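Provided herewith is a single structure, encoded as structure tokens, for subsequent inquiry.
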Amino acid sequence: MNYENFLVVNFKKPLFWLICSLVIPLYFGIISIYYAFSQDYIVQDDVRQHVVWLQRFVDSQLFPNDLIADYFTSLAPIGYKFFYWIIAKLGIEPVILAKILPLFLALIATIYLYKLSLKIFPVPASAFLTCWLFNQLIWLNDDLISATPRAFLYPFFAAFLYIWLSDR
């Protein structure tokens, strides 16, 4: 097989474009993780409010009688607290999880968005462009990178739309 036939065959396959689409959140996520772990006390701004108090799941003696921590505890959705509680029981601290979680959320959202794009307009290259623009948007905003409850909106909403259009 010569080079020209290879390009023609692979550029028409949806799997090729899905892999290309997944490279984008991997790129942004690895850069984010590298920066987050480059120094000891780097956290995203919203993590200080929405995740730091979750360290109580690791050490119950933290933040005793702290009204601000109690306030943010009352604001957090039950599923969000449960997710961080389960991961804390597995031995991963919430602040560490908040640094690596955005990569996985972006990968899940990208897969569903790619499939959703193919449902709407079945051209794999257009689905790749959709995922590319989507990933640039979510990685430039603070929603995803903060690993707060609003970060879960992207994979859940993309999955919802895909399932809804699939008539499942």
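In the stretch 29-78, how many residues are without any contact (Cβ under 8 Å) to a residue 12 or more places away in the chain, in a helix (DSSP H, G or I) and of a type in the set (Gly, Ala, Ser)?
Adding up the residues that qualify gives 1.
Is it fair to say residue 106 is in contact (Cβ under 8 Å) with a residue 60 or more places away in the chain and either exposed (fewer than 14 other Cβ atoms within 10 Å of the Cβ) or touching a Lys or Arg at 6+ places or on another chain (Cβ under 8 Å) (or both)?
no
Of (1) at positive phi; (2) surrounded by 15 or more Cβ atoms within 10 Å (Cβ to Cβ), residue 167 satisfies all except one. Which?
Failed condition: (2).
Taking residue 148 and the conditions (1) among the polar types (S, T, N, Q); (2) in contact with a Pro (Cβ under 8 Å, 6 or more places away or on another chain); (3) touching a residue at least 60 places away in the same chain (Cβ under 8 Å); (4) more than 18 Å from residue 19 (Cβ to Cβ), which numbered condition does it fall short on, given that it satisfies the others?
Only one criterion is unmet by residue 148, namely (2).
Return the residue satisfying two criteria in turn: it lies in the stretch 119-142 and is buried (at least 19 other Cβ atoms within 10 Å of the Cβ) and not β-branched (Val, Ile, Thr), and of such residues it is farthest from residue 27 (Cα to Cα).
Checked the stretch 119-142; the qualifying residue farthest from residue 27 (Cα to Cα) is 124.
Each value in this text was obtained by applying a stated rule to the coordinates, not by laboratory testing. All figures in this text were calculated on a predicted structure; none of them were measured in a lab. So basically every Cβ, Gly included, is an ideal-geometry build from the backbone, and we count neighbours across all protein chains shown.
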